[in-house]
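A short write-up of the structure that comes next.
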Amino acid sequence: MIRNKILYCLFLVLITASSCSSQPANVIFPEKDLTIPIHRFDQALLQLIETNDTSLEQTLLADYPAMLDIVGKGVLNLQSPQIPGFFDRIINYYSEPTLKSLYKDAVNAYQNTSDIEAQLGHGFAFLKANFPSMQVPAVYMHVSGFSQNVLAGDSLLSLSIDRYLGTDYPLYLQFFRDYQRIKMQRQLVAADYLAGWLMSEFPFSGNENVLLERMVYEGKIKYIVSLALPELSQSLLMGYTDTAGKWCNDHAATLWSTIIQRKHLYTPDRLTTAKYFSDAPCTFLSDETPGNIGTWIGWQIIKGYMQETQSSLSALMQQNNAQEILTLSKYKGDASK
C-alpha cells in the first residue's frame, strides 16, 4: 500500500516535470487576464451610412477622432477628417450596394464579441507580462471593403471584420480562393489582432529581399502568437488545413534541403523571396507545398532557437541577427522541435 502511494506520487512528479519542461523556461505565463473591450467604430459609422444624419458627424468626431483619421488615410486616402467633404466621401464609398451589404453582414456577425474580448484579454496579458514596457492598445473594429485589414496607430489597433465572415460566406466564394478563405474565420480574429500589434511594436528591420531574414522575422511573430493563444493549432494559425499542416511536418527536411540546394536562403532575389510568403501554394517547390511556407519554416527555426537558448521573448525580439538565430537553433528541417 505504501509502495503504491510512493509510485503514485512519483508518477505525479514526473507528469508535472514533463508538463513544465514543454514550456520555454524564460517565457512568462500570467495568472490573470486583462480586460480588453472592443470599441465598435464599425457600428457607429454604419449608423451614419444608413441614416445620412449629419448630426452624427460631430458625435463620431468626438468619440472616434483617431479612428476617423486612420480609416480616412488607410482606406480612403483622405488626409484629415477636418477637410471639406470628408464625411460625404465616406458615405459615398460605403454606400456602394455590394459593400454596404457586406458591411451590414459583418456588423451582424459580430454583434457579440465577448469571445474575442476574452481571447484578447488573455493574449495581451501574455504580451504585457513578457514585454513590460509594451503599451496595450485601445482595440477597435472597422470595415474596409477588403482593403486595409489591420490599422495600427500609437495606441490604437483596429481589425477589418469584413475579412472574417467564414469560409463559406457567399461573397468570398466569388472573390477568394480556398487557400485565402481558410484564413477568413472568426477563430483567427484575436490572433490577427495580436500579430498586427506585434508587427507595429517590432517592425521588420532586415533586408526583405533575403529569405532567411524574412523567415526569422515572420517566425518570431507566429511563435509569440502561438504562445499567447495556445488553444489555436499550428495549422489554424498558418491558415492551413490539417492535411497541409501534416504534410509540412512530414516533408520538413526535404523542403529545407531543397531551399539550400537552390541557394534561395541568402540570395537577395525579391521575386523569389516573395513567393515563399504568398498565400498561393508554393508549387515552385513541389505540387503539394502550401502557401506561406517561408513563415512556417521560420516558425520552426524560432522554436528550435528558443529551446536551445532558453531566451526570453524580449531578448528574442532584440536579436536581429538571422544567421546567428539559425545557427543556434540547430535547425536542419526537423519539424518536431
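The values are calculated or read from the model by the stated rules, or taken from the named source; none is laboratory data. All figures in this text were calculated on a predicted structure; none of them were measured in a lab. Please note: Cβ atoms are built from the backbone with ideal geometry, for glycine as well, and neighbour counts cover all protein chains shown. Quick note on the areas: whole protein, heavy atoms, side chains included, nothing else; ligands and nucleic acids left out. Shrake-Rupley method; radii C 1.70, N 1.55, O 1.52, S 1.80 Å.
Before we move on, is Pro203 open to solvent by 20 Å² or more (accessible area, probe 1.4 Å), free of Cβ contacts under 8 Å to residues at least 60 places away in the same chain, closer than 22 Å to Ser329 by Cβ and assigned to a loop (DSSP other than H, G, I, E, B)? When the stated conditions are applied, Pro203 does not pass them.
Just one of the listed residues (Arg270, Arg262) is on the phi < 0 side of the Ramachandran plot and without any contact (Cβ under 8 Å) to a residue 24 or more places away in the chain, and it is Arg262. Between Ser155, Ser144, Ser160, which is open to solvent by less than 10 Å² (accessible area, probe 1.4 Å) and modelled with pLDDT under 95? So the residue among Ser155, Ser144, Ser160 that is open to solvent by less than 10 Å² (accessible area, probe 1.4 Å) and modelled with pLDDT under 95 is Ser144. The set of residues from the range 301-336 being closer than 15 Å to Leu265 by Cα and open to solvent by less than 40 Å² (accessible area, probe 1.4 Å) comprises Ile301, Ala322, Ile325, Leu326, Tyr331, Gly333. The set of residues from the range 100-115 being farther than 11 Å from Ile49 by Cα and open to solvent by less than 20 Å² (accessible area, probe 1.4 Å) comprises Leu102, Ala106, Val107, Tyr110, Thr113. Within the range 104-114, if we keep just the residues that are within 22 Å of the chain's Cα centre (by Cα) and in contact (Cβ under 8 Å) with a residue 24 or more places away in the chain, the residue that is farthest from Gln187 (Cα to Cα) turns out to be Val107.
Going through (1) more than 30 Å from Phe126 (Cα to Cα); (2) loosely packed, with under 14 Cβ neighbours inside 10 Å one by one, Trp256 falls short only on (2). Looking across the range 307-319, the residues that are under 20 Å from the mean Cα position of the chain (by Cα) and touching a residue at least 24 places away in the same chain (Cβ under 8 Å) come down to Leu313, Ser314, Leu316, Met317.
For Tyr217, indicate whether it is in contact with a strand residue (DSSP E or B) (Cβ under 8 Å, 6 or more places away or on another chain), in a helix (DSSP H, G or I), open to solvent by less than 50 Å² (accessible area, probe 1.4 Å) and of a type in the set (Phe, Trp, Tyr). In short, no. Residues of the range 163-184 that are surrounded by fewer than 16 Cβ atoms within 10 Å (Cβ to Cβ) and aliphatic (A, V, I, L, M): Leu171, Leu173. Taking the criterion of being among the basic types (Lys, Arg), touching a helix residue (DSSP H, G or I) at 6+ places or on another chain (Cβ under 7 Å) and open to solvent by 10 Å² or more (accessible area, probe 1.4 Å), would at least one residue in the range 221-237 satisfy it? Yes, the range 221-237 contains a residue that is among the basic types (Lys, Arg), touching a helix residue (DSSP H, G or I) at 6+ places or on another chain (Cβ under 7 Å) and open to solvent by 10 Å² or more (accessible area, probe 1.4 Å). Taking the numbered list (1) over 24 Å from the mean Cα position of the chain (by Cα); (2) under 25 Å from Lys183 (Cα atoms) in turn, Thr272 passes all entries but (1).
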